[in-house]
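A.B. asks: Provided herewith is a single structure, encoded as structure tokens, for subsequent inquiry.
None of the figures in this text is laboratory data; all of them are computed from the coordinates on show. Because the structure is predicted, anything quoted here is derived from the model rather than measured. Here the Cβ is made from the backbone with ideal geometry for all residues, glycine too, and neighbour counts use every protein chain on show.
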Amino acid sequence: MRPLEGLVVLEFCQYLAGPWAGLRLADLGATVIKIERPGSGEACRQLATKNLFVDGDSLVFHTINRGKQSFAANLKDRDDLAWVKKLVARADVMTHNFRPGVMDKLGLNYDVVRDLNPRIVYGEVSGYGTEGPWRDKPGQDLLAQSMTGLMFLSGRRDSPPVPIGLAAADAICGVHFAQGLLAALVRRGKTNQGALVEVSLVESTMDMQFEALTTFLNDGHRLPNRSPNFAAHPYQGAPYGVYPTADGHLALAMGPLQKLGPLLGSEPITSFVEEQAGFKHAVQIRELIAERLCTLPTSHWLELLESADVWCAEVLTYEQLRQQEGYQILRMEQDVRRADAVVRTLRCPVRIDGHRLYCNDAAPRVGQDTERILKDRDHA
């Protein structure tokens, strides 16, 4: 039995951050019902990555909504809204990511919903919070990355701002959202009290940078100074970085230069003996490391350095990753199906009592569960 079996989640969310949390709750056993517009459904059905669609819906929609149900309702229609409110009265969790004020107009804000169901955990995702001059800006991943300083942590010193090449703000916000919802459910189990859970893209994206922002706040407000070469972190000294080898790349984490120098056959590296040399002379030391690593293949350096307990790793492409025994033994991949359509995707990363959590069901078609949910409601 999965830990959230028996819980019902009504998801009014679109795109990624809110549905990301709903996906995790579904993986953990909750019944997650997407409330969608009749016909077109939620907007992410047409939000394609690399223009990939499966059975009429975008691949990304399948990825983030597997294992869920779909209830079609026009929230501006009195009868449909009445049915939705009946579902709300019996639900455990309700989530949405409409812009501030939309749920007020629809008659489904927290105050209304709490009157219908005092025990409900009501969750809201916004782009920038519900107050202040940013509240009505569009909440979108790239915009959240751009407004939180994140783009000045990657790349080199002469690089323009570098965004993370995936929906990092959405992902971390979805994780925080799930954490908040689960914490509120735990409290409800103790006190029988519902809750309002709020997260935003910018707050989550700033929190993801807690290490860098805390350094900034306690280091004279000096901006991150990206390295001109080979660095992977603007606040870490040498050897921390990514370096070319004769046939690929190697990542080196932190470690003593006096140990690394002899292993690489570089006396100049070993000569940096002062305690803070990795920070004070980072550029020069990284150049020296790169000069040695590029002379031999990655496998040579891995065997040499790992045997000496130097923290390092080969830089893998996706295809190289999938060929590794270490990846294969994790059994991260799964197939989800909808009629004749098959999507290969990843499983939930959480294990419960030693069991991996897989799901066979792809994302639902718009409204595919409406009639059954209504019948279940009539017979309840």
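A.B. asks: Restricting to the chain, what percent of DSSP beta bridges are antiparallel, rounded to 5? Walk me through the numbers before you get to the answer.
C.D. replies: Values: 17 of 40 bridges.
Expressed as a percentage, antiparallel bridges in the chain total about 45.
A.B. asks: Same structure again: Can you check how the C-alpha radius of gyration of the stretch 258-307 compares to 2.2 N^0.38 Å, as a plain ratio?
C.D. replies: 1.14
A.B. asks: Right, something else. Quick one: the Cα spread of the stretch 230-380 along its three principal axes, in angstroms, biggest first?
C.D. replies: That gives 79, 30, 29 Å along the principal axes, largest extent first.
A.B. asks: Here is a follow-up. Points 7 angstrom from Cα along the Cβ direction at GLU371 and GLU275: gap in nanometres?
C.D. replies: Reported label-point gap for GLU371 and GLU275 is 7.5 nm.
A.B. asks: Going through the stretch 194-287, which trypsin sites (Lys or Arg not before Pro) have at most 12 other Cβ atoms within 10 Å and a DSSP loop state?
C.D. replies: Numbers: sites: ARG222, ARG226, LYS259, LYS280, ARG286; in loops: ARG222, ARG226.
Passing both the DSSP loop test and the Cβ count: ARG222.
A.B. asks: Less than 15 Å Cβ to Cβ from ALA169, Lys/Arg counted +1 and Asp/Glu -1: what total charge do the surrounding residues give?
C.D. replies: Value of the local net charge: -3.
A.B. asks: Between the DSSP loop rule and a limit of at most 16 other Cβ atoms within 10 Å, which chymotrypsin sites (Phe, Trp or Tyr not before Pro) in the stretch 117-150 are left? Each step should come with its number before you reach the end.
C.D. replies: Numbers: sites: TYR122, TYR128, TRP134; in loops: TYR128, TRP134.
Answer by residue number: TRP134.
A.B. asks: For q = 0.15 Å⁻¹, what log10 I(q)/I(0) does the stretch 310-352 give under the Debye formula with an equal point scatterer on each alpha carbon and no solvent?
C.D. replies: Log-scaled intensity ratios, in q order: -0.54.
A.B. asks: Sorting ASP136, ASP309 on the 10 Å Cβ count, fewest up front, what's the list?
C.D. replies: On the way: ASP136 13, ASP309 8.
Exposure proxy ranking, most exposed first: ASP309, ASP136.
A.B. asks: Summing -39500 (n - 2.57) over the DSSP H runs of n ≥ 4 in the chain and dividing by its residue number, what mean residue ellipticity at 222 nm do you reach, to the nearest 500 deg cm²/dmol?
C.D. replies: Numbers: 17 runs with 146 residues, N = 380.
Per the formula, -10500 deg cm²/dmol.
A.B. asks: For LEU223 and ILE352 in the same chain, what is the full-extension length gain: residue separation times 0.36 nm, less their Cα-Cα distance, in nm?
C.D. replies: Working: separation 129, 0.36 × 129 = 46.44 nm, distance 4.20 nm.
Value of the extension gain: 42.2 nm.
A.B. asks: Beta carbons within 10 angstrom, averaged per residue: use that to sort the peptides 183-192, 231-240, highest first. Present the calculation step by step, with values, prior to reporting the outcome.
C.D. replies: Details: 183-192: 12.8, 231-240: 19.9.
Ranking the peptides 183-192, 231-240 by packing returns 231-240, 183-192.
A.B. asks: In sequence order, what are the phi-derived ³J(HN,Hα) couplings for the stretch 65-73 according to the Karplus relation 6.51 cos²θ - 1.76 cosθ + 1.60 with θ = phi - 60°, rounded to whole Hz, with x for glycine and proline?
C.D. replies: 10, 4, x, 9, 10, 10, 10, 8, 8
A.B. asks: Then there is this: Counting alpha carbon pairs within less than 8 Å and at least 6 residues apart, what relative contact order, in whole percent, applies to the stretch 249-314? It would help to have the intermediate numbers written out before the result.
C.D. replies: Numbers: 57 pairs, mean separation 29.1, N = 66.
Here the relative contact order equals 44 percent.
A.B. asks: Measure out, as a whole number of angstrom, how far apart the alpha-carbon centroids of the stretch 1-63 and the stretch 299-354 sit.
C.D. replies: Their Cα centres are 25 Å away from one another.
A.B. asks: Quick test of the membrane-span-like rule: which DSSP H helices of the chain reach at least 20 Å along their long axis (C-alpha atoms) with mean Kyte hydropathy at least 0.5?
C.D. replies: Details: long enough: 168-191 (34 Å, 0.64).
Taking the DSSP H segments of the chain (at least 20 Å long, mean hydropathy at least 0.5), we get 168-191.
A.B. asks: Please report, in whole Å, how far the alpha carbons of the stretch 61-172 spread along each principal axis, starting with the longest.
C.D. replies: Projected onto its principal axes, the Cα set of the stretch 61-172 covers 58, 35, 26 Å.
A.B. asks: Okay, next question. Taking the Cβ of VAL350 as the center, what net charge do the other residues with Cβ under 13 Å away carry, scoring Lys and Arg +1 and Asp and Glu -1?
C.D. replies: On the way: positive: ARG2, ARG24, ARG347, ARG351, ARG356; negative: ASP27, ASP353.
Taking every Cβ under 13 Å from that of VAL350, the sum is +3.
A.B. asks: To continue, here is another question. Can you tell me the relative contact order of the chain? Whole percent, Cα pairs under 8 Å, sequence separation 6 or more.
C.D. replies: On the way: 679 pairs, mean separation 66.5, N = 380.
Once normalised by length, the contact order is 18 percent.
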